[in-house]
Amino acid sequence: MSDFLFFVGNRDKFALGLFKQFRIEETPSRVLIITPTLYYKKWVLEYIKSRLSDYGKEILVKAQEEREERKTEEFKDGLLAKYTFENFIVGPSNELAYRLCMEVSSNPGLYNPLFIYGSVGLGKSHLIHALGNRAKATGYRVVYSSANHFSEEMVKSLREGKIEAFRSKYSAVDILLLDDVQFLSGKERTQLELFRIFEDLQAKEKQIVLVSDRHPKDIQDVHERLVSRFASGIVIEIGLDMETKLLIVKHKLESFGLPADEEHISHVMENTGYSVREIEGFIKTLRLTGIRKGERTEQKTERLLMYVARNFNLKVEDLKKDTKERRVINARYIAIYFCKVLLGMSYSEIARLFGKPDHTHALYAVRKVEEKKSKDKKFFMMLEAMQSSLKKILQ
Ligand code: ADP
Ligand code: MG
């Protein structure tokens, strides 16, 4: 167990009876306990604290600290002060978006509208907050809103008879930043209001910046006239390639106080996908748990077994089963041999992996393979070929 997350039960779900008291979801690295009320959450927390080792306690306290941090984030004019150009790492896949945002921040109206899209966690929100912060610091009037917030605010204004105030709030700016515009989908009235504001701002040559998780043309249920406005300026995609990911991983390791050495870098590179949010989350956990060598080897053994099994037209389970079938035994011996020479596992570890009572089986297998390798040229060649593919797979 490395991480605990506590959720206060959503009242609706509770009322619907989806869960009565607690729900527990477990994965190898995390236990999620969902409690129905705050009272139960506190109770569980105390209970677990009193039973866990210091190691576990530390994780708990940290998890709470992080939530506290989030609550006290600065939030002025809709802009988050923590997102700046200075702490945005630039690489080939986000450089253009970064440069355009920089230019717009000191020269609003330059590329109008600027539309940035890309999948989640790639720094789109970070960039437009940075743009807003920079522009605000030089005296421009900026307003940031997400499409959802914009919509809620509009509905509320309408209900309270303050729609004019709403319109002028968004029209009296030099830069309008609208995040997650894919959420405009199906919201007729919001789209209408936005269209008006859009026309007004464009007529006054004010800057509009839009962010979405997809290209304007792929946003469902948004009026064609709005879509064509969105796409009428510059449309740019933001991504995350290997090179940029590497730069970000190095930087994030350092900023979270971890060494940016070979071991840490490759551990993070191997275990995360292409999302900066995921990378950050992974490093935060890593800070608490450290690199678990066992886990790494586990993943590698999985890959190794899969490769060997496939090579002999077998399943991974076949390699471990009790059988007299020569073909299967040979494949198992080879798998054992590679576990030894490529992963440096001990004979007892190998025996455990293959469900054998003691290390002699593994020892025997490795000897057999070595023997055959020295006598049989064809076998030798096959083993060499397998070894070089495996080295790549296990990198
Ligand atoms: P998106 O809006 O694209 O879903 P965010 O802007 O919310 O993504 O970014 C997710 C997290 O990753 C944020 O904490 C952000 O600071 C961080 N992040 C994303 N890209 C970068 C980058 N290039 N350099 C530094 N931090 C980044
Ligand atoms: Mg975002």
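Separation of the stretch 338-395 from the stretch 299-337 is 11 Å, based on Cα centroids. For a Förster distance of 51 Å, can you work out the FRET efficiency between the beta-carbons of residue 291 and residue 152, rounded to the nearest 0.05? Here the calculated transfer efficiency is 0.75. Kirkwood Rh and Cα-based Rg: tell me the resulting Rg over Rh for the stretch 95-237, rounded to two decimals. That ratio equals 0.94.
Heavy atoms of the protein chains alone define the surface here; on that basis the stretch 298-393 has 60 Å² accessible area per residue at 1.4 Å probe size.
A crude spin-label estimate for the pair residue 265 and residue 306, with each label 7 Å from Cα along the Cβ direction, gives 2.6 nm. Ligands, DNA and RNA are left out, and with a 1.4 angstrom probe the accessible area of the stretch 242-289 is 49 Å² per residue. Across the cross-link table entries 320/375; 136/156; 136/169; 136/217; 284/340; 156/217, which are compared at the Cα atoms, the separations over 22 Å belong to 320/375; 136/156; 136/217; 284/340; 156/217. Our summary gives the stretch 95-237 a relative contact order of 38 percent, counting only alpha carbon pairs under 8 angstrom and 6 or more residues apart.
Counting Lys and Arg as +1 and Asp and Glu as -1, what is the net charge of the other residues whose Cβ lies under 14 Å from the Cβ of residue 323?
That works out to +4.
Listed peptides 106-119, 376-389 appear in the order 106-119, 376-389 once ranked by packing, highest mean of other Cβ atoms within 10 Å at the front. Applying the criteria of a DSSP loop state and at most 13 other Cβ atoms within 10 Å to the GluC sites (Glu not before Pro) of the stretch 179-257 yields 205. Among 158, 342, 176, the order of accessible area from largest down is 158, 342, 176, computed with a 1.4 Å probe on protein heavy atoms. Within the shell defined by Cβ-Cβ distances under 13 Å, the residues around residue 195 carry a net charge of +1, with Lys and Arg each +1 and Asp and Glu each -1. Using a cutoff of 8 angstrom between alpha carbon atoms and counting only pairs six or more residues apart, the relative contact order for the stretch 237-299 works out to 32 percent. Within the shell of other residues whose beta carbon sits under 13 angstrom from the beta carbon of residue 393, the net charge comes to +3, with Lys and Arg scored +1 and Asp and Glu -1.
Using C-alpha pairs below 8 Å separated by at least 6 residues, the relative contact order for the stretch 170-218 is 55 percent. If you sort 179, 261 by accessible surface, 1.4 Å probe, largest first, the order is 261, 179. Taking all protein chains in place and a 1.4 Å probe, what share, in percent, of the accessible surface of the stretch 298-393 do carbon and sulfur account for? That fraction is 51 percent. Stretching residue 221 away from residue 373 to a fully extended chain increases their span by 48.2 nm, per 0.36 nm per residue minus the current alpha-carbon distance.
Surface analysis of the stretch 95-237 yields an accessible area of 44 Å² per residue, using protein heavy atoms and a 1.4 Å probe.
Of the listed residues 125, 157, 374, the order by accessible area with a 1.4 Å probe, largest first, is 374, 125, 157.
The values are calculated or read from the model by the stated rules, or taken from the named source; none is laboratory data. Source: prediction; values computed, not measured. Neighbour counts run over all protein chains shown; Cβ positions are idealised from the backbone, glycine included. With ligands, DNA and RNA removed, areas are computed over all heavy atoms of the protein, side chains included. Shrake-Rupley method; radii C 1.70, N 1.55, O 1.52, S 1.80 Å.
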